[in-house]
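The values are calculated or read from the model by the stated rules, or taken from the named source; none is laboratory data. Owing to the predicted nature of the structure, the values given are computational and were not obtained by experimental measurement. Methodologically, a virtual Cβ is constructed for each residue, glycine included, from the backbone with ideal geometry; neighbour enumeration extends over all protein chains shown.
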Amino acid sequence: TLSRALGASRQFPPLLVHMIANGESTGRLGEMLDRAARLQQQELENRTAALTALLEPLLLLMMGGMVLLIVLAVMQPIIEINTLLK
């Protein structure tokens, strides 16, 4: 059966394999595949949202660091010239 083949491959989550096995045994495989697809889509959206929530502050800090480096690169020669003139 499809559920045995998917379970043997160990590439699919156990919940998906159980849902397909349940769909095969009840004769509602199409409905179970639709439900499994919705669950997988929701899980993907949740993971994407979590990754975005983690990366956003990190990218903000990196951009702040780059701005700081640019400001220091501009200000350092000005400060050196100022100290030489004194």
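Brief remarks on what is shown
- The chain holds helices (runs of 4 or more DSSP H) entirely within its bounds, and those carrying 3 or more residues that are of a type in the set (A, V, I, L, M) and surrounded by 12 or more Cβ atoms within 10 Å (Cβ to Cβ) map to 14-26, 29-85.
- Annotation note: Cβ proximity below 7 Å between a residue of the range 1-29 that is among the acidic types (Asp, Glu) and a residue that is modelled with pLDDT under 90 and assigned to a helix (DSSP H, G or I) (sequence gap 6+ or interchain) occurs for Glu24/Leu2; Glu24/Ser3.
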